[in-house]
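K.L.:
One structure follows; several queries about it will come next.
The values are calculated or read from the model by the stated rules, or taken from the named source; none is laboratory data. Small disclaimer: the values here were computed from a predicted structure and weren't measured. Positions of Cβ are generated from backbone atoms using ideal geometry, with glycine treated the same way; all protein chains shown enter the neighbour counts. In case anyone asks, the SASA skips ligands and DNA or RNA and just uses the protein heavy atoms, side chains included. Shrake-Rupley method; radii C 1.70, N 1.55, O 1.52, S 1.80 Å.
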Amino acid sequence: MKRNLLLLCLVLLHTVVFAQTAPSPKQFLGYEPGAAFTPHYKIAGYFKAVANAVPNMVKVESYGETYEKRELLVAYIATPENLQRLEAIRNNNLQQAGIKSGGAPLADAPVIVWLSYNVHGNEPSSSEAAMKTLYALVDPSNAQTKQWLKNTVVIIDPCINPDGRDRYVNWFNSVVGKTYNADPQSREHNEPWPGGRTNHYNFDMNRDWAWQTQKETVQRMKKYNEWLPQIHVDFHEQGYNAPYYFAPAAEPYHEVITPWQRQFQVEVGRNNAKYFDKNGWLYFTRERFDLFYPSYGDTYPLYNGAIGMTYEQGGHSRGGLAVVKSDEDTLTLTDRVEHHYTTSLATVETASLNAAKLLKEYKQFFDDNIIAKNAPYKTYVLTSKDINQLQTVAELLDKNGITYGTLGNKTFKALNYFTGKEENYKDEGYSLAVSAAQPRGTLLRVLFEPKSLLSDSITYDITAWAIPYSFNIKGYAVKEKLAIDAFPKTNVPTVVSSSYGVLIPYSSVKSVQLLSYLLTKKVKVRYAEKAFTYKGKEYSRGTLIVLKGGNIDEWNTQVNTACQKFNIQAEIVESGFMDKGADFGSPDIHLVHAPNVVLLTGEETSSSAAGEVWSFFDQTLNYPLTLINAGDIGRVNLKDYDVVILPDGYYRSLKKSNDALKSFVEGGGKLIAMENAVSVLSELDWGIKKKDKDKDKDAKDDKNTYVDLKKYSERERDEMPNAIPGAIYKIDLDETHPLAYGYNDYYTLKQDGTAYEFLKDGWNVGVIKKENYIAGFVGSKLKPKLQDGLVFGVQDMGRGTVVYLADDPLFRLFWEGGKLMFSNAVFLVGE
């Protein structure tokens, strides 16, 4: 009897132990992480299996899905005591940041570490490492991690970009043999276009943290901002020959990064180095990866009070399961996984050992923000005639947890962004005001500051982005704290009923969305080429006109539906006879034809540039778009289309189809060339020419005899005088041209030094004149050359039109100010 009872107790004990023991990655997958690439569904499945096995230590939470319907999730790992009070810990953290109000702070609050893996899908080792990291944190035999979890909550996002990851993994698994080939020339190391780096729309989500233009980012940032951790790490891969990179970062650091944030990066780096040194693994710090542009997975957390860091493992898309490096060593996926796994745990350890200090400095960061300590400007003001422009900014601020309102006092002096001078404020009709004295004050400052101080010109990304310029809205930076009232609620447009027609303002992207909607519903829409006056009110050029005559029966219903949807007030017009300007039967009133649009895509285009256009049509305009591979353009019947868009690319085969494209334009088609596509056309006799950079170069004199004597160690810096990583310039516009309808001013982001001559037989709609530089780094030799050149132009050719957009008006889809111009090119130019 006693023997049977003992046996029963052993069985029960085994059952309890088994139920509380999580499966290892090998037990769940059937292989060790690094032996194969794991598809996303299995990674998600593993995290859920661990949560089911140890629900007292792990909670998995779904926070959304990708464009391709793959699940997005995070896992919370903590002691049973902390997991039970997870919501109280989250609320306490937000209270310490001043974002939520509440009772007394938790006396034993843990530090929060957030680890993000695989934002670039073809940098796949980190998601494999995420599984190992999860298991190490819950493994009952790992005493170290149990000690760390006593004062640390770990949040893991195992795969930020499931669509990109599976694109890469599925491709790799389809081309690898029974045994991998480590020869870097083998096809398994040469991923085809567009690669797995980006999401469904070929968008680089690593640059989308602040702007949140993509569905995945919006969902993730909502969850991130519900926590605001003390430490965040973004795991990446770089070229396979590179050693591992971890913090501290390279200069430039943005000046708002605190001494504590700088110092603690060194602490983290030293602890990572301890483990790498022990294993004989090479690494580097303080090089290449800086902390400036605000929309990365290291800078965004830094500007929100965390210690934000990027870790980079060698491997990238060409690493495969193994690859022979230039030093003849073989780097395996197992190696890459182990390195990321090691820094994951080392970072958790550093956080645990410094938990009290991290929490203290975290609170101090937000306390300083709340009083706008060291803020050069105390209030930022935007003003516009179109409430929709301000509403677009308001939506961005909402996504980032930045509070705002409208002006209570409109009498003050401030820096006018557009003139660069201290001036009296001039109200345009509506205003949006933001106080620097708020918890998110640091992020606010970085997004709005007129000019950012650059401590080093060698930087990884663009160097200017201020919202008044990127959103093309008049703005003021105020040194005093102004009274701010509640932002007005959006007024619902009044339904209009007309027996003749309606007039619709054309001043923002919302107007284009409305136009797109009406065109897809077969409603006939016209626009006015010149300003006109009706019943004493002046209507600007570009005003949309919808008339009953010759239209579909439900035209009025569709107009009201569109106006309600896009928050635009239509106005009734009862006659085509105007007080001043063109009557509605005039040749100056143009019918907008719903264009059949083609976008060239594929290997000869930039995947990200093509993705911007694709996403804009699909997600913003909801307008049909046909995607055709650039290499197939010679076999396509272009007569079936009205508009062909050439995004940035090198267009190797365009020379062969050049005559066909010209015939398309001459026959009445419209060609829109963007960025380097303009450069390609300039070499194929389309009428646009590059400026001769050497034309004005002075002859050498005695002072520059030795100019070609350069130091090898300074080779990277020697390139900077001719560099422009991303700077803002003012564009002088011909506001009478349809390409510029809806604009008074425009600010462009210049990313290369190519300048074009003014068109002799065309319309120079947007040009850079002398002294048009606004903000951002421009090399000393390049700066004098970026003047008196064409940026946006239109050329008539036969019965058709060519539109040149030498700068990208859709840059990363956050350059809101350019979207109207791109839309004008598609819908209005050439009508």
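K.L.:
For q = 0.16 Å⁻¹, what log10 I(q)/I(0) does region 269-399 give under the Debye formula with an equal point scatterer on each alpha carbon and no solvent?
P.N.:
-1.01
K.L.:
Pulled fully out, how much extra length does the chain show between L282 and K373, if you take 0.36 nm times their separation in residues and subtract their Cα-Cα distance? Show your work: numbers first, answer last.
P.N.:
On the way: separation 91, 0.36 × 91 = 32.76 nm, distance 4.07 nm.
Answer, rounded to one decimal: 28.7 nm.
K.L.:
Rounded, prolate or oblate: pick one for region 118-180, where a ≥ b ≥ c are the square roots of the eigenvalues of its C-alpha gyration tensor, a/c under 1.5 means rounded, and failing that, prolate if a/b is larger than b/c, else oblate.
P.N.:
Oblate, because a/c is 1.5 or more while a/b does not exceed b/c.
K.L.:
So how long is each side of the chain along the principal axes, counting just the alpha-carbon atoms, biggest first, in Å?
P.N.:
Between the extreme Cα coordinates on each principal axis of the chain lie 106, 64, 61 Å.
K.L.:
Using a Förster radius of 30 Å, what is the FRET efficiency between N170 and N241 based on their Cβ-Cβ separation? Nearest 0.05, please.
P.N.:
On the way: r = 26 Å, r/R0 = 0.87.
The calculated FRET efficiency here is 0.70.
K.L.:
I've got another one for you. Hey, rough spin-label estimate for L86 and N52, points 7 angstrom out along Cα→Cβ, what's it come to in nanometres?
P.N.:
Result for the modelled spin labels: 1.7 nm.
K.L.:
Over the Cα atoms of region 367-518, what radius of gyration and what Dmax do you get, in Å?
P.N.:
When restricted to the Cα atoms of region 367-518, Rg and Dmax are 17.5, 64 Å.
K.L.:
With viscosity set to 0.692 mPa s at 37 °C, what whole-number translational diffusion coefficient in µm²/s follows for region 519-648 from Stokes-Einstein and a Kirkwood radius over Cα pairs?
P.N.:
Details: Rh = 17.3 Å.
Calculated translational D: 190 µm²/s.
K.L.:
Considering only DSSP states other than H, G, I, E and B, which chymotrypsin sites (Phe, Trp or Tyr not before Pro) in region 357-419 qualify as loop sites with at most 16 other Cβ atoms within 10 Å?
P.N.:
F412
K.L.:
Calculate, for the chain, the solvent-accessible area per residue in square angstrom, rolling a 1.4 angstrom probe over the heavy atoms of the protein chains. If you can, show how the numbers build up before the last one.
P.N.:
On the way: 34540 Å² over 831 residues.
Value for the chain: 42 Å² per residue.
K.L.:
Determine the shape class of region 487-575: with a ≥ b ≥ c the square roots of the Cα gyration tensor eigenvalues, call it rounded for a/c under 1.5, and otherwise prolate if a/b is greater than b/c, oblate otherwise. Walk me through the numbers on the way to the answer.
P.N.:
On the way: a/c = 1.34, a/b = 1.06, b/c = 1.27.
Rounded, because the longest to shortest axis ratio a/c is under 1.5.
K.L.:
Between S663 and E61, what is 0.36 nm times their sequence separation minus the Cα-Cα distance? Round to one decimal in nm. Before the final figure, lay out the partial values.
P.N.:
Numbers: separation 602, 0.36 × 602 = 216.72 nm, distance 5.59 nm.
Full-extension gain reported as 211.1 nm.
K.L.:
In the chain, what percentage of the DSSP-assigned beta bridges are antiparallel, given to the nearest 5?
P.N.:
Bridges in the chain are about 65 percent antiparallel.
K.L.:
Does anything in region 660-691 have its amide N under 18 Å from the 7 Å Cα→Cβ label point of K781, and if so which residues?
P.N.:
In region 660-691, the label zone of K781 (backbone N under 18 Å from the point 7 Å along Cα→Cβ) covers 691.
K.L.:
Ranked highest first by the average count of other Cβ atoms within 10 Å around their residues, in what order do 653-663, 336-346 fall? Display every interim value, and only then the final one.
P.N.:
On the way: 653-663: 16.3, 336-346: 24.5.
Per-residue Cβ counts within 10 Å, averaged per peptide and sorted highest first, yield 336-346, 653-663.
K.L.:
Calculate what fraction, in whole %, of the accessible area of the chain sits on carbon and sulfur atoms when a 1.4 Å probe is rolled over the protein chains. Can you show the working numbers first?
P.N.:
Values: 17040 of 34540 Å².
Percent of accessible area from carbon and sulfur atoms in the chain: 49.
K.L.:
Using 0.36 nm times the number of residues separating E757 and K656, minus their current alpha carbon distance, what extension gain do you get?
P.N.:
33.8 nm
K.L.:
Restricting the calculation to Cα positions, tell me the Rg (one decimal) and the Dmax (whole number) of region 725-801 in Å.
P.N.:
Just the Cα atoms of region 725-801 yield Rg and Dmax of 13.2, 43 Å.
K.L.:
Right, something else. Please identify every one of the chymotrypsin sites (Phe, Trp or Tyr not before Pro) in region 561-651 that sits in a loop by DSSP and has no more than 12 other beta carbons within 10 Å of its own beta carbon.
P.N.:
Numbers: sites: F566, F577, F584, W614, F616, F617, Y641, Y650, Y651; in loops: F577, F584, Y641, Y650, Y651.
Filter output for region 561-651: F577.
K.L.:
Same structure, new question: To check you understand DSSP bridge types, tell me what percent of the beta bridges within region 503-647 (both residues inside) are antiparallel, rounded to 5. Show your work: numbers first, answer last.
P.N.:
Details: 13 of 20 bridges.
Rounded to the nearest five, the antiparallel share is 65 percent.
K.L.:
Taking Cα pairs under 8 Å and at least six residues apart, what relative contact order does region 503-627 come out at, in percent? Spell out each step's value before the answer.
P.N.:
Numbers: 179 pairs, mean separation 38.2, N = 125.
The value is 31 percent.
K.L.:
If you wrap a convex hull around the Cα atoms of region 458-607, how much volume per residue is inside, in Å³? Each step should come with its number before you reach the end.
P.N.:
On the way: hull volume 32.4 nm³, N = 150.
Taking only Cα atoms, region 458-607 has a hull volume of 216 Å³ per residue.
K.L.:
For every helix of n ≥ 4 consecutive DSSP H residues, a contribution of -39,500 (n - 2.57) applies; sum these over the chain, divide by its total residues, and give [θ] at 222 nm rounded to the nearest 500 deg cm²/dmol. Can you show the working numbers first?
P.N.:
Working: 23 runs with 247 residues, N = 831.
Using -39500 (n - 2.57) per qualifying helix, the result is -9000 deg cm²/dmol.
K.L.:
Along Cα→Cβ, 7 Å out, is where each label goes; now give me the distance between the ones at K548 and K426 in nm to one decimal.
P.N.:
Placing both labels 7 Å along Cα→Cβ, they lie 4.1 nm apart.
K.L.:
Pull out a ≥ b ≥ c, the square roots of the eigenvalues of the alpha-carbon gyration tensor of region 147-240, then state rounded if a/c is under 1.5, prolate if not and a/b is larger than b/c, and oblate in the remaining case.
P.N.:
Oblate shape, in that a/c is at least 1.5 and b/c is the bigger or equal ratio.
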